[in-house]
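The values are calculated or read from the model by the stated rules, or taken from the named source; none is laboratory data. All figures in this text were calculated on a predicted structure; none of them were measured in a lab. As a convention, Cβ positions derive from the backbone with ideal geometry for all residues, glycine included, and neighbour counts pool all protein chains shown. Ligands, DNA and RNA are stripped out before the accessible areas are found, and what is left, the full protein with its side chains, is counted by its heavy atoms. Shrake-Rupley method; radii C 1.70, N 1.55, O 1.52, S 1.80 Å.
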Amino acid sequence: MLAKPIISAAEAAGRIKSGDVLMSGGFMGCGAPDTIIRALKAAGTKGLTLISTDTAFHDFKTGRINGIAPLVQDRAFVRIIASHIGLNHETQRQMNAQETEVELVPQGTLAERIRCGGAGIGGFLTPTGLGTEVEEGKQVITVDDRSYLLERPLKADVAIIKAKKADKAGNLIYAGTARNFNPLMATAAELVIAEVEEIVEIGEIDPNQVHTPSIFVDCLVRSETQES
Amino acid sequence: MDYTPNKENIAKRIARIFKNGDVVNLGIGLPTLVVDHLPEGVTLILQSENGLMGLGPAPEKGQEDPDMVNAGGAPLSVVPGGCFFDSATSFGIIRGGHVDYTVLGVLEVDQQGNLANYKVPGKMVPGMGGAMDLTIGARVVIAATLHFEPSGASRLKRHCKLPLTAAGEVNYVVTDVGMFEIVGGRFHLLECFAPYTPEWILEKTDAEIHVSTSCKTVSL
């Protein structure tokens, strides 16, 4: 197996351009690629579209902010596609002030649309959202007397994901609930940058234990713990 | 009769619905109180939509693992035999009918089994998260809510006015005054919780309620 480039977080951020559609893994900040997010914040890139299941925590009262939220704070996104923004006060503020366009997608539908994007599938049929605003503008298809919405695949220019461990070939292993959307997003972007806590030599990960096959990963970034 | 909001009673009554080994997804907030009131001998298999079966109690202070959070982003532990999975698998479990019960909080629930809990247009728009998939996919949908809004209006409605999370998917509503089943376009009062009476509940609720012939008064 060939080794994938190990790049700095700043180099990773430099490969994300204004106008890009960006997928970011993480669920309420758990399993978010924090090192790359910090570098992207430092780079000051704007005009992005974000696809992420939520926009993590940003609590105006306590000041708690994590995951992708520092980029929302900097108005890096003109459009956000997410399933939940309720614990990020700034995302809600921007949406209500019509500063940022927010499209809400049911979480299971978001996951499956990304899976379709990565798997070469032209969409899928789901009963989720029938009879709600989610149905608006969508084709309803009946199969065996049951109605479904046609949901379309989602793809991105760049996916930034987070894993616990990688080998230099780019095989990934996740930990706990930090897995969430990361393995799905790894399949659905032109450029996939995986931030990992530990990088081992090729051959040191048991092939049976791999969660994301190396074929999906373009380059690796080492996680850096934030100085507090 | 005076009304005092009582979330504990909602959790207590819902906890008695389950049998040992049921697979349950509990929404954040009120529904999570249910685990504190499970009868002896009843252990649930808790599914968390962010990618876990076998949710355990909150870890002790200092034992938190940043890679393990529940669907509200709070630290969690995992019971022996638990497992993790990605979000597509998680919602395959949910949509595929492998979850027995989902318990959700509501803003409004109506007699057609419609539920609204994700959006107050122009004011508060937290998003549906996994709630639309859970209400579609779980075998039984239980709405858990205080009976009244702060304004005094009942959260049980003839027709939801807010954007729907689920259309016709709610099976049971458990409030702090009673337990209701939704069948045939109306609420059926199965139990009223002392000191509330069926007459009082009917008077205070602007919805069509049929008092079940087997309706009984329960002290929680």
Inset, instruction - Mind jotting down a quarter of the surface of the convex hull over the alpha carbons of the protein assembly as shown, in square nanometres, one decimal? - result: 22.8 nm²
Legend entry - CD proxy at 222 nm, helix term only [per DSSP H run n ≥ 4: -39500 (n - 2.57); per residue of chain B; nearest 500]: -4000 deg cm²/dmol
Inset, instruction - Could you order B:Arg186, B:Arg16 by accessible surface area, starting with the largest, using a probe radius of 1.4 Å? - result: B:Arg16, B:Arg186
Legend entry - Average beta carbon contacts from partner chains per residue of A:82-88, 10 Å cutoff: 6
Legend entry - q = 0.16, 0.25 Å⁻¹: log10 I(q)/I(0) that the Debye formula gives for the range B:47-86, counting C-alpha atoms only: -0.33, -0.80
Inset, instruction - Consider all pairwise Cα distances in chain A and report the whole-number % of them above 21 Å. - result: 55 percent
Inset, instruction - Counting residues in the range A:131-182 as N, plug N into 2.2 N^0.38 Å and put the Cα Rg over that result. - result: 1.83
Legend entry - Viscosity 1.306 mPa s, 10 °C: Kirkwood-radius Stokes-Einstein D of the range B:113-220 over Cα pairs, µm²/s: 109 µm²/s
Inset, instruction - Within a 10 angstrom radius of each residue's Cβ in B:16-22, how many Cβ atoms of other chains show up on average? Whole number is fine. - result: 0
Inset, instruction - Return the subset of A:Lys17/A:Lys164; A:Lys17/A:Lys168; B:Lys157/B:Lys204 for which the Cα-Cα distance in this structure is over 21 Å, preserving the input order. - result: A:Lys17/A:Lys164; A:Lys17/A:Lys168
Legend entry - Gyration tensor (alpha-carbon) shape descriptor, the range A:1-53, a/c threshold 1.5: oblate
Legend entry - Area buried, chain B against chain A - accessible surface, total, 1.4 angstrom probe, square angstrom: 2900 Å²
Legend entry - Normalised per residue, the volume of the convex hull around the Cα set of the range A:95-160 (Å³): 117 Å³
Legend entry - Stokes-Einstein diffusion coefficient of chain B, Kirkwood radius over Cα pairs, 4 °C, 1.567 mPa s, in µm²/s: 72 µm²/s
Inset, instruction - Return the tail of the calculated pair distribution for the range A:54-174, meaning the percent of Cα-Cα pairs more than 16 Å apart. - result: 70 percent
Legend entry - Distant alpha-carbon pairs in the range B:61-129 (separation over 14 angstrom), percent: 75 percent
Inset, instruction - Give the long-range amide H neighbours of A:Ala163: residues separated by 5 or more places, or on another chain, with amide H under 5 Å away, using H modelled in the peptide plane at 1.01 Å from N. - result: A:Glu195, A:Val196, A:Glu197
Inset, instruction - Taking just the C-alpha trace of the range B:18-77, give me its Rg and Dmax in Å. - result: 11.6, 33
Inset, instruction - At a Cα cut-off below 18 Å, give the aspartates and glutamates reachable from B:Lys161, other chains included and same-chain residues fewer than 8 away excluded. - result: A:Glu133, A:Glu135, A:Glu136, B:Glu108, B:Asp110, B:Glu149, B:Glu169, B:Asp206, B:Glu208
Legend entry - Area accessible to solvent at B:Phe148, 1.4 Å probe radius, in Å²: 20 Å²
Inset, instruction - Provide, as a two-decimal number, the C-alpha radius of gyration of the range B:164-211 over 2.2 N^0.38 Å, N being how many residues it has. - result: 1.14
Inset, instruction - Go ahead and estimate [θ] at 222 nm for chain A from helices alone: -39,500 (n - 2.57) per DSSP H run with n ≥ 4, summed, over the residue count, rounded to 500. - result: -5500 deg cm²/dmol
Legend entry - Descending principal axes extents, the range A:135-228, alpha-carbon based, whole Å: 52, 35, 25
Inset, instruction - Can you send over the carbon and sulfur percentage of the accessible area for the range A:158-197, probe radius 1.4 Å, protein chains only? - result: 39 percent
Inset, instruction - Provide a whole-number value for the mean count of partner chain Cβ atoms within 10 Å of the Cβ atoms in peptide A:132-143. - result: 2
